[in-house]
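The values are calculated or read from the model by the stated rules, or taken from the named source; none is laboratory data. Computed from a predicted model, the values in this text were never measured in an experiment. With ideal geometry, Cβ positions are generated from the backbone for all residues, glycine too; neighbour counts draw on all protein chains shown.
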Amino acid sequence: MTLRFAAIGIDHRHVYGMASNLIEAGASFAGWWTEGHPGTEAGFLERFPDVPRAASPEALLDDPSIALILLSGIPRDRAGWAVKAMEAGKDVMSDKPGCTTLEQLDAIRATVAATGRIWSVDFSERFEVPAVTRAAELVAEGAIGRVIQTVGLGPHRLNRATRPDWFFDRDAYGGILTDIASHQIDQFLYFTGSTGAEITLASVANYANPDDPGLQDFGEIALRSPQGHGYIRVDWYTPDALPTWGDGRLTILGTEGYIELRKYVDVGHDGTDHLILVNATRCERIDASGAGLPYFARLLADIRDRTETAMPQAHAFTVCELALRAQAMAEGARA
């Protein structure tokens, strides 16, 4: 039977990839609802013109044929909808950040425990990047030995003219580490095989946008676990001349070599998903654009089989908790 999913909240463009990749994996898009008419709506309708807009979110939550709810609304609202969806018997795939406070995370944890539903976060900088799929395969094959460090860079273009008011509201988006850096925390835990970490450095700043005090345009984190180390830098400084939204990179250091991913662009080379592998016998650039995106098919299987092959539930919780605690540390707030 084809799994049916619906979307509640389309305020972030990540919903385009979330829905498209589920359709590609064999699911059916049953309907959607969002508050008002966000700037993302025109692009959404271009991509999914035949998917009906529901009269209310309850119409989707009460539909027994819908198994999965996608959430890509304003970040501070996602946890509340996740709880409602799980209480209605639905599994959930949330855009990142899946929550913006530790209290929200506690509520999600409690709801997962009470309902047995899946709460997954689409960390798109891993799950929607074929180069990361290929890197994971190489690491599993032992191509660089034991991974002992990741360096994740997440630069983004501000695109001020297209940003809604909530984008500049710290409480609405949760802070730059809660938001963007969750991607890199996910990759650190995944590639080092860590189930937790100590945050040894966390900082945020607004260097280039003084008229927007709620915006944090720079952030960094250092992490340490028994398995390895991680450094993360995120920002909103991508220059206009770059042909894409950001020059996202990941370096994976192993005891016997390293892998560097230039995910979205590599100046001087065409295409995306550039992977550089260096070890004792190989020094090469690999086109990883065809490596696939297994997360989406695995999530559909998990919903059917009640397994955790796409992402362990504990991993999603840990990523979000570390991001929230790093944000609190950077702001000098309580953790």
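Would you please name the residue that is nearest to residue 318 (Cα to Cα), looking only at residues in region 185-202 that are of a type in the set (Ser, Thr, Tyr) and surrounded by fewer than 16 Cβ atoms within 10 Å (Cβ to Cβ)? Talk me through it step by step, then tell me what you get.
So the first thing to find is which residues in region 185-202 are of a type in the set (Ser, Thr, Tyr), and the list is 190, 192, 194-195, 200.
Next, only the ones that are surrounded by fewer than 16 Cβ atoms within 10 Å (Cβ to Cβ) stay: 195, 200.
On the way: 195: 7, 200: 16 Å.
It comes out as 195.
Scan region 54-69 residue by residue and report those that are touching a strand residue (DSSP E or B) at 6+ places or on another chain (Cβ under 6 Å), closer than 11 Å to residue 31 by Cβ and of a type outside the set (Gly, Ala, Ser).
Selection gives 57, 60, 66, 69.
Would you tally the residues in region 155-184 being over 19 Å from residue 73 (Cα atoms) and buried (at least 24 other Cβ atoms within 10 Å of the Cβ)?
Residues in region 155-184 being over 19 Å from residue 73 (Cα atoms) and buried (at least 24 other Cβ atoms within 10 Å of the Cβ): 1 in total.
Tell me, please, whether a residue that is among the charged types (D, E, K, R), touching a residue at least 60 places away in the same chain (Cβ under 8 Å) and farther than 28 Å from residue 102 by Cα can be found in region 294-317.
yes
Would you pick out the residues in region 272-295 that are under 22 Å from the mean Cα position of the chain (by Cα) and surrounded by fewer than 17 Cβ atoms within 10 Å (Cβ to Cβ)? Talk me through it step by step, then tell me what you get.
Looking only at region 272-295, we keep the residues that are under 22 Å from the mean Cα position of the chain (by Cα), and these are 272-275, 288-295.
Correct list: 289, 290, 292, 294.
Tally up the residues in region 288-309 that are assigned to a loop (DSSP other than H, G, I, E, B) and among the acidic types (Asp, Glu), please.
Here is the first cut: in region 288-309, the ones assigned to a loop (DSSP other than H, G, I, E, B) are 288-293, 306-309.
Within this subset, residues satisfying the condition of being among the acidic types (Asp, Glu) are 308.
Summing the residues that are assigned to a loop (DSSP other than H, G, I, E, B) and among the acidic types (Asp, Glu) in region 288-309 gives 1.
Among the residues of region 310-335, count how many are in a loop (DSSP other than H, G, I, E, B), modelled with pLDDT of 95 or more and closer than 17 Å to residue 173 by Cβ. Break it down into steps so the answer makes sense when it comes.
So the first thing to find is which residues in region 310-335 are in a loop (DSSP other than H, G, I, E, B), and the list is 310-312, 331-335.
Subsequent filtering for residues that are modelled with pLDDT of 95 or more retains 310-312, 331.
Now narrow it down to the ones that are closer than 17 Å to residue 173 by Cβ: 331.
Within region 310-335, residues that are in a loop (DSSP other than H, G, I, E, B), modelled with pLDDT of 95 or more and closer than 17 Å to residue 173 by Cβ number 1.
Could you check region 125-140 and list, in sequence order, the residues that are assigned to a helix (DSSP H, G or I) and in contact with a helix residue (DSSP H, G or I) (Cβ under 6 Å, 6 or more places away or on another chain)?
Result: 125, 126, 127, 132.
Could you list, ordered by first residue, the pairs with Cβ atoms under 9 Å in which the first is in region 255-270 and at positive phi and the second is modelled with pLDDT of 95 or more, at least 6 apart or interchain?
Note: pairs meeting the criteria are 257/143; 257/144; 257/145; 257/277; 257/278; 257/279; 257/280; 257/282.
In this structure, is residue 261 under 17 Å from residue 193 (Cα atoms), of a type in the set (A, V, I, L, M, F, W, C), surrounded by 16 or more Cβ atoms within 10 Å (Cβ to Cβ) and under 18 Å from the mean Cα position of the chain (by Cα)?
On the way: under 17 Å from residue 193 (Cα atoms): no; of a type in the set (A, V, I, L, M, F, W, C): yes; surrounded by 16 or more Cβ atoms within 10 Å (Cβ to Cβ): yes; under 18 Å from the mean Cα position of the chain (by Cα): yes.
No: the conditions fail for residue 261.
Give 248, 228, 219 a once-over and let me know the one that is touching a strand residue (DSSP E or B) at 6+ places or on another chain (Cβ under 8 Å) and closer than 12 Å to residue 148 by Cα. Spell out how you get there, then give the answer.
Working: 248 fails: closer than 12 Å to residue 148 by Cα; 219 fails: closer than 12 Å to residue 148 by Cα.
After applying the criteria, what remains is 228.
Conditions (1) outside the structural domain of residue 224 (by TED's automatic domain parsing); (2) within 17 Å of the chain's Cα centre (by Cα); (3) surrounded by fewer than 15 Cβ atoms within 10 Å (Cβ to Cβ); (4) not aromatic (Phe, Trp, Tyr), marked per residue:
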| site | (1), (2), (3), (4) |
| --- | --- |
| 305 | yes, no, yes, yes |
| 313 | yes, yes, no, yes |
| 316 | yes, yes, no, yes |
| 320 | yes, yes, no, yes |
| 324 | yes, yes, no, yes |
| 328 | yes, no, no, yes |
| 331 | yes, no, no, yes |
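Test of understanding: among 197, 208, which residue is touching a residue at least 12 places away in the same chain (Cβ under 8 Å) and under 19 Å from residue 159 (Cβ atoms)? Don't jump to the end; show me each part of the working.
Details: 197 fails: under 19 Å from residue 159 (Cβ atoms).
After ruling out the rest, the residue left standing is 208.
Any residue at all in region 244-251 that is within 15 Å of the chain's Cα centre (by Cα) and surrounded by fewer than 18 Cβ atoms within 10 Å (Cβ to Cβ)?
No, there is no match, as no residue in region 244-251 is within 15 Å of the chain's Cα centre (by Cα) and surrounded by fewer than 18 Cβ atoms within 10 Å (Cβ to Cβ).
Given the options 255, 318, name the one that is among the hydroxyl-bearing types (Ser, Thr, Tyr) and out of contact with any strand residue (DSSP E or B) (no Cβ under 9 Å at 6 or more places or on another chain).
Every option except 318 fails the conditions.
Considering only region 130-149, I want to know if a residue exists there that is aliphatic (A, V, I, L, M) and under 15 Å from residue 95 (Cα atoms).
No.
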